[in-house]
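Novice: Let me give you the structure first, and then I'll get to my questions.
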Amino acid sequence: MFGKWIGSGLGWTLGGPIGALAGFVLGTFFDLSDKSATDTKTYQLGMQTTPNDYLFSLLVLVSSVLNADGKIMKSELNYVKDFFKVNFGAEGAQNALRILQDLTRQKIPVTDVCHQIKSYMDYPSRLQLIHFLFGIASSDGQIHPEELKLIRQISLSLGISAADYNSIEAMVVPKTDWAFDVLEIPATATDEQVKKAYRRIAVKYHPDKVSYLGEEIQLAANEKFKKVNEAYQLIAKERGI
C-alpha cells in the first residue's frame, strides 16, 4: 500500500541525488522499472511538487538529522511514526519507518539534496520542512548541538532566510524573548510594529500556503500558525495591547 502510495506520485524526486536514494530504497517495495509505479520521463524542470515528492524529501532530510548526533533515539522514531500513523494509518507509518531505516544506512549528500529541493519546491513548503525537522530533533526533550548545526545547514542550503530560520527555531527552542523572535522583530518594537509584524508573519505561515500538498501537511502546518498567534497574544497581554 505505502509503496504504491509513494511510488505512483513521485516526479522530480526521481532525478538528481534524491533519485539515487529513491532508486535504492524504493526497490524494497516495488520494481522501479514498472512504469505503472514510477516514470522517470516525468522528471522535468518546473514540475510541481506532489505530496509524495514532499514526503519522500522529508524522509531523506529526517534521516540525515537522525544521524547527526551519532545515535537514533526511540523518541525521535516515535515522533516520525506518530506523524505518519495519524496521516496515513498504521501500515503507512510502519512502511515509512522501513524506508527511513534504509535511508539512515546511506550517506546523504545533504547540500546537493537541499539544492534539488530548492529548485522544485516553493518557499512556504520549504519552511514547513524546517519546522518538521525541529519537531523531530526536539522530540527527546532537547536538541543536540550537532542536530542544530545540521538543521541550520539544511535551512541555508534550502534558501531559507536567517530571519525565518530564527523564527521557526524560536517556536521550538526555549529562549528569552522567543515571542519577538517568532514575529521577527526586536523586543524594542513599538506596539504598532508588533501588530504589523503579526499580520505579516500570520500570512507567511498560514496553513493555506501548503494546501496543495494535501490536508495532512496543511494540518501539520497549523502548528506554526498557532505558535505565531501564541507569540502575539503573549506580547499583547504583557503590553496591554
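Novice: Give me the number: length gained by fully extending Lys175 to Lys71, i.e. 0.36 nm times residue separation minus the C-alpha to C-alpha distance, one decimal in nm.
Specialist: Contour length minus Cα-Cα distance gives 34.9 nm.
Novice: Another question, if that's okay. Report, to one decimal in Å, the Kirkwood hydrodynamic radius for region 62-146 based on all distinct Cα pairs.
Specialist: The Cα-based Kirkwood calculation yields 13.7 Å.
Novice: Does anyone have the angle between helix 16-25 and the longest principal axis of the chain? Alpha-carbon axes, 0 to 90°, nearest 10?
Specialist: The angle comes out near 60 degrees.
Novice: What is the fewest-to-most order of Thr190, Thr13 by other Cβ atoms lying within 10 Å of their Cβ?
Specialist: Thr190, Thr13
Novice: Residue by residue through region 140-146, what is 3J(HN,Hα) from phi via Karplus (6.51 cos²θ - 1.76 cosθ + 1.60, θ = phi - 60°)? Round to whole Hz and write x for glycine and proline.
Specialist: Those phi angles translate into 9, x, 7, 10, 5, x, 5 Hz.
Novice: How far is helix 215-239 tilted off the main Cα axis of the chain, in degrees rounded to 10, range 0 to 90?
Specialist: Taking the Cα atoms of the chain, the angle to 215-239 is about 10 degrees.
Novice: Let me check against my output: what whole-number percent is the relative contact order of the chain, with C-alpha pairs under 8 Å and at least 6 apart?
Specialist: 18 percent
Novice: When the helices in the chain are scored as -39500 (n - 2.57) per DSSP H run of 4 or longer and the sum is shared across all residues, what 222 nm value do you end up with, to the nearest 500 deg cm²/dmol?
Specialist: -21000 deg cm²/dmol
Novice: What is the fewest-to-most order of Met73, Met171 by other Cβ atoms lying within 10 Å of their Cβ?
Specialist: Met73, Met171
Novice: Do any trypsin sites (Lys or Arg not before Pro) in region 151-232 lie in a loop, going by DSSP, with at most 16 other beta-carbon atoms within 10 Å of their beta carbon, and if so which?
Specialist: Those satisfying the criteria are Lys175.
Novice: Taking 25 Å as R0, compute the FRET efficiency from the Cβ-Cβ separation of Ala20 and Gln153 and round it to 0.05.
Specialist: Calculated value: 0.80.
Novice: Taking neighbour Cβ counts within 10 Å as the exposure measure, how do Trp178, Trp12 sort from fewest upward? Walk me through the intermediate numbers first.
Specialist: Numbers: Trp178 20, Trp12 24.
Lowest count first: Trp178, Trp12.
Novice: Region 51-97: D in µm²/s via Stokes-Einstein (Kirkwood Rh, Cα pairs, 25 °C, 0.890 mPa s)?
Specialist: D = 223 µm²/s.
Novice: Further, regarding this structure: So, how do all the Cα-to-Cα distances of region 163-241 break down into 10 Å bins, in percent, from 0 on up?
Specialist: 20, 51, 24, 5
Novice: So if R0 is 25 Å, what FRET efficiency would Glu192 and Glu230 give, r being the distance between their Cβ atoms, rounded to the nearest 0.05? Before the final figure, lay out the partial values.
Specialist: On the way: r = 21 Å, r/R0 = 0.82.
With R0 = 25 Å, the Cβ-Cβ based efficiency is 0.75.
Novice: Something else now. As an exercise, use a Förster radius of 22 Å and the Cβ-Cβ distance of Ser119 and Glu215 to find the FRET efficiency, rounded to the nearest 0.05.
Specialist: E between Ser119 and Glu215, to the nearest 0.05, is 0.25.
Novice: A further question on this structure: Exceeding 24 Å between C-alpha atoms, which entries from my cross-link table qualify? They are Lys74/Lys227; Lys81/Lys107; Lys175/Lys227; Lys81/Lys204.
Specialist: Listed pairs above 24 Å: Lys74/Lys227; Lys81/Lys204.
Novice: What translational D, rounded to a whole number of µm²/s, comes out for region 121-212 from Stokes-Einstein when the hydrodynamic radius is the Kirkwood one over Cα pairs, at 25 °C and 0.890 mPa s?
Specialist: 176 µm²/s
Novice: Once the mean 1/r over all distinct Cα pairs of the chain is inverted, what Kirkwood radius in angstroms do you read off?
Specialist: That comes to 18.6 Å for the chain.
Novice: If the cut-off is a Cα-Cα distance under 12 Å, which aspartates and glutamates reach Lys196, setting aside same-chain residues fewer than 8 apart in sequence?
Specialist: Output for Lys196: Glu184.
Novice: Within 10 Å, Cβ to Cβ, of Ile18, how many net charges do the neighbouring residues add up to if Lys/Arg are +1 and Asp/Glu are -1?
Specialist: Net charge in that neighbourhood comes out at -2.
Each reported figure results from applying straightforward, stated rules to the coordinates on display, with no laboratory input. Computed from a predicted model, the values in this text were never measured in an experiment. We place every Cβ from the backbone using ideal geometry, glycine too, and count neighbours over all the protein chains shown.
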